[in-house]
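Chemist: Attaching a single structure in structure tokens format; questions to follow.
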Amino acid sequence: MSEITLNAVIRKNLGKRARRLRTEGKVPGIYYGHGQANIPVEMTELLLQPLYRTTATHVINLKLDDGSTHQCILRQVQFDPVTEKPLHFDLFGLNEQEELILEVPVTVQGAPKGVKDGGMLQHILHKVRVSCLPKYIPDHIEVNVESLEINKSIHISDLSIPNVRILENEHSAVVAVVPPTILKEVTPEVVATEAVLAEPEVIGKGKKPEEGAEGAVTEEKGKEKAKEKEKK
């Protein structure tokens, strides 16, 4: 378990004041816990960044401007959907004798044997829900994949963390090595054959005589023969 100390200020002006805080580069938040009074707080965005830009779980020693210190974890951060800047954060107070549920990041260690043989590593679960006492909170869950071969997976049931209960489905895959995707090469001969088969069937060649054309030709020949008889 890694700890980090943060300094924050108790917010005294609530409501519309929160919007003004953001323009000043500060982020409003709330500290709360079971059986504890809610404390509205604020801190600079720069101080908040290490809490959400990390692959580890931190226990926070929150120091407030009234001289009090509170042990907590970051429960949630809300972001602006356009700017992706933090809008609000929640800090959950810890009780040494009370288990809590949280998500712990999963990290992958080693180069899989299956990847060396041409396979591809898929990292399926990046976070895992666990339950434990605060003193047993793991920074992260490390999964060693060096012996993982093609078509093999590591599941939740394969993980073991002392003093920590994993709450995910035991059959869920955490990481897997899958076969490479093979694209079928199409030869020119196959393309030519498919093009021939794709041509529409031709029923008749040449220009089809217009309706009544044959009768008109016969009538013209009859007139020519009549003229020749008159000359004779």
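Chemist: Kirkwood Rh, the range 102-178, all Cα pairs: how many Å?
Modeler: 12.9
Chemist: Same structure, new question: What spacing in nm lies between the two simple spin-label points modelled at residue 107 and residue 63, each 7 Å away from Cα in the Cβ direction?
Modeler: Each label point is offset 7 Å from its Cα along the Cβ direction, giving 2.6 nm.
Chemist: Please rank 170, 142, fewest neighbouring Cβ atoms within 10 Å first, as an exposure proxy.
Modeler: In increasing order of surrounding Cβ atoms, one gets 170, 142.
Chemist: Residue 32 label point, 7 Å along Cα→Cβ, cut-off 17 Å on backbone N: hits in the range 40-81?
Modeler: 40-42, 72-79
Chemist: Another question, if that's okay. Neighbour counts of other C-beta atoms within 10 Å: give me 46, 121 arranged from fewest to most.
Modeler: By the 10 Å Cβ count, ascending: 46, 121.
Chemist: With 10 angstrom as the radius, rank 128, 59 by how many other C-beta atoms surround their C-beta, starting from the fewest.
Modeler: The fewest-first ordering by Cβ neighbours comes to 59, 128.
Readers should treat all values here as calculations from the given coordinates under stated rules, not as data from a laboratory. Just so we're clear, the structure is a prediction, and the values are computed from it rather than from any experiment. Cβ: placed from backbone, ideal geometry, glycine included. Neighbour counts: every protein chain shown.
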